[in-house]
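Have a look at the structure below before the remarks.
Any read-out appearing in this document is the output of simple, stated calculations on the displayed coordinates, not a laboratory observation. Since this is a predicted model, take the numbers as computed values, not measurements. Note that each Cβ is placed from the backbone with ideal geometry, even for glycine, and that neighbours are counted across all protein chains shown.
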Amino acid sequence: MNKSITSLFAAATALISAVIAPAAHAALYVTIVQGLGGMPEFETAFTDQTNTIREASLTLAEESHITSLSGDSATRDALLDHFQTLAASMTDDDRVAIYLIGHGSHDGEQYKFNIAGPDITDTDLANIMESFPGKNHFLVNTSSTSGAILERLENENRIIITATRNGNEKNATEFGPFFANALTSETADLNKNNNVSIQEAFDFAERSVAEFFESSGKLATEHPQIRGDGAASFTLARVQAVELSDDNPRISSLLTRRLELDAEIESLQLRRNEFPNSEYIQRLQALILQSAQVSEEIEMLRESSQADVE
């Protein structure tokens, strides 16, 4: 970084630090609900999706914040208890990502997600989403007929994705595996920032579903839908594991600082509507500039260490 940029950085940082409190760090809670497969091939496919989502979520969320529920642990009572406990432990800054992996049904009036015992209904899902404090929460339902929940759950304070556009698309869906795989895909990461957002995962899966039906010569029996604001700024996973430490204490400290800045940037993006556009841009630029300087300092220290070895 040249002297003029460094001077600009120092001045901007001093000004921003004087007038802006640090952005709150929002914890991400992930719950993966694996429904009944009914047949061995579906059981295997649903388990694969659950495992993929869990591993991808570990790149971003704390392990203690990730819950996978399936089989007898995914009864209606167990799910309602889980989400009640989760809601009580959250703050307004925290976010929830819920993945429903399985089959669904719709009788023309009520949607049901198929689990052991009594099914979870669209009413249950609406109550669960409404119980969380704050906003910016996310639910993706990969099941057949999942589009039936849109009218009930659509809300400006949450993001909802369904594999179908209504309750009449009853065939087993292709959307789930594509959405799960998007979380680990460099192709899905269109802006190449090492993060996969909800919007990027949806776009990847929607495109893959369309290509699947086109290449197989079949009429599309599902049409994925997305509702809500903020999908582009809600990160679900990192494509590559985040580097957390180094043998050099100074580099290790800088890596930690860069991770903190990334969290502040994401938190600011989620709170974008709280600020006038000019103020939001000013805050974002300041954080990005700090992150860039930290990255450059890490690179310089590594180059210096390598030169010493040679």
* Structure fact -> Semi-axes in Å, largest first, for segment 99-169 (Cα gyration tensor, √(5λ)) are 19, 13, 11
* Local net charge near H82, Cβ-Cβ under 14 Å (Lys/Arg +1, Asp/Glu -1) -> -3
* To do: Report the full-extension gain for the segment N194 to S305: residue separation times 0.36 nm, less the Cα-Cα distance, to one decimal in nm.
  => 37.4 nm
* Structure fact -> Per-residue Cβ contact counts at 10 Å, fewest first, order T50, T162 as T50, T162
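Just need the relative contact order of segment 57-169 here, percent rounded to a whole number, with Cα pairs under 8 Å and 6+ apart.
26
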* Structure fact -> For the chain, longest principal axis from Cα atoms; helix 277-309 axis from its Cα atoms; angle between them, nearest 10 degrees, is 70
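Note down the relative contact order for the chain as a percent, whole number, built from C-alpha pairs under 8 angstrom at least six residues apart.
On the way: 523 pairs, mean separation 52.6, N = 310.
Reported relative contact order: 17 percent.
How high is the FRET efficiency between E151 and I288 when r is their beta carbon distance and R₀ equals 41 Å, given to the nearest 0.05? Working shown, then result.
Numbers: r = 39 Å, r/R0 = 0.94.
Computed FRET efficiency for E151 and I288: 0.60.
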* **FRET efficiency, Y280 to T123 (Cβ-Cβ, R0 30 Å, nearest 0.05)** => 0.25
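Kindly count the pairs of lysines across segment 28-238 whose alpha carbons are less than 30 Å apart, treating pairs on different chains or eight or more residues apart as eligible. Spell out each step's value before the answer.
Working: K112/K135; K112/K170; K112/K218; K135/K192; K170/K218.
Lysine pairs satisfying the spacing and distance rule in segment 28-238 number 5.
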* Which label in (i) -0.25, -0.43, -0.66; (ii) -0.32, -0.51, -0.73; (iii) -0.35, -0.57, -0.82 gives the computed log10 I(q)/I(0) by the Debye sum over Cα atoms at q = 0.07, 0.09, 0.11 Å⁻¹ -> (ii)
* Structure fact -> Under the 7 Å Cα-to-Cβ spin-label approximation, L58 and T221 lie apart by a distance in nanometres of 3.5
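What's the exposure ranking of E214, E260, going from fewest to most Cβ atoms within 10 Å?
Starting with the residue having the fewest Cβ neighbours, the order is E214, E260.
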* With axes computed from alpha carbons, what is the tilt in degrees of helix 198-216 against the longest principal axis of the chain, rounded to the nearest 10 within 0 to 90? -> 50
* Asked: How far is helix 122-131 tilted off the main Cα axis of the chain, in degrees rounded to 10, range 0 to 90?
  -> 30
* Formal net charge of residues neighbouring A220 (Cβ-Cβ distance under 10 Å; K, R +1; D, E -1) -> -3
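List M90, M300 from most exposed to least, where exposure is judged by having the fewest other Cβ atoms within 10 Å. It would help to have the intermediate numbers written out before the result.
Values: M90 19, M300 11.
Sorted ascending by nearby Cβ count, the order is M300, M90.
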* Structure fact -> Any residue on another chain or 5+ positions along whose placed amide H is under 5 Å from the amide H of T184 is listed here as none
